[in-house]
Amino acid sequence: MTFVPLDRRYDGSREQRHAVWQLTTSFISEYVEAIKLTPGGTSAVTIAPWARDEIAMLKQLTWHYVILRSDLGAHQEGQEHAIRKVVEVLHDYASASVDRHRNVFPPFYGEQIRRAAGERNRITRIVADYVSGMTEREVLATYAAFTGRGID
């Protein structure tokens, strides 16, 4: 069992962020090790029961303490709005018949978009992959650039 290295309320200090990073890395390593390939079985992999139980508990804690927090509702709505707008605008750029995306997407994604020209589902997937790889700060900066609104 992994020990949670926080001894006081989380304040986001460098020390605490590092401790959370170490804890997260430890959890991920343990859960990856709990997965075993089972060739020829009914499933391609088996997951250790203890890992399944811990993951289920962590999901419930996340829902209760993070996702459903009423004091974060407005913030979450704003983030959802920003993400939707960024996806919408990027999708419009990627779907345009001219090379409008050239200066909006990094080269890797721009090349994928060029190869997917006219294939709406592929373009949607490429845009989704690009946005899902962004940090919150990157999404908000992109939103601010596309809408002309500033960010903090």
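Figures for the structure shown
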{"quantity": "Every residue from the range 120-131 that is out of contact with any helix residue (DSSP H, G or I) (no Cβ under 6 Å at 6 or more places or on another chain) and over 10 Å from Val87 (Cβ atoms)", "calculated": "Arg120, Asn121, Arg122, Arg125, Asp129"}
{"quantity": "Candidate set: the range 132-150, residues that are in a helix (DSSP H, G or I) and free of Cβ contacts under 8 Å to residues at least 24 places away in the same chain; chosen: the one farthest from Ala82 (Cα to Cα)", "calculated": "Ser132"}
{"quantity": "Some residue of the range 72-87 being among the polar types (S, T, N, Q) and under 30 Å from Val104 (Cα atoms)", "calculated": "yes"}
{"quantity": "First in the range 55-84 and in contact (Cβ under 8 Å) with a residue 12 or more places away in the chain, second anywhere and β-branched (Val, Ile, Thr), Cβ under 7 Å, 6 or more apart", "calculated": "Ala82/Val139; Ile83/Val131; Ile83/Val139"}
{"quantity": "Selected residue (criterion: nearest to Met57 (Cα to Cα)) from residues of the range 4-46 that are assigned to a loop (DSSP other than H, G, I, E, B) and in contact with a strand residue (DSSP E or B) (Cβ under 9 Å, 6 or more places away or on another chain)", "calculated": "Ala34"}
{"quantity": "Which listed residue, of Leu23, Leu90, Leu6, is under 30 Å from Ala116 (Cα atoms) and aliphatic (A, V, I, L, M)", "calculated": "Leu90"}
{"quantity": "Top-ranked residue in the range 60-100 [being outside the structural domain of Ala116 (by TED's automatic domain parsing) and among the aromatic types (Phe, Trp, Tyr); ranked as farthest from Ser132 (Cα to Cα)]", "calculated": "Tyr65"}
{"quantity": "Boolean, Thr46 is outside the structural domain of Met134 (by TED's automatic domain parsing), surrounded by 10 or more Cβ atoms within 10 Å (Cβ to Cβ) and in contact with a Ser or Thr (Cβ under 6 Å, 6 or more places away or on another chain)", "calculated": "yes"}
{"quantity": "Failed item in (1) touching a residue at least 24 places away in the same chain (Cβ under 8 Å); (2) farther than 23 Å from Glu77 by Cβ; (3) exposed (fewer than 13 other Cβ atoms within 10 Å of the Cβ), with Gly118 passing the rest", "calculated": "(1)"}
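The values are calculated or read from the model by the stated rules, or taken from the named source; none is laboratory data. The structure displayed is predicted, hence computed values, not measured ones. Cβ atoms come from the backbone with ideal geometry, glycine included; neighbour counts cover every protein chain shown.
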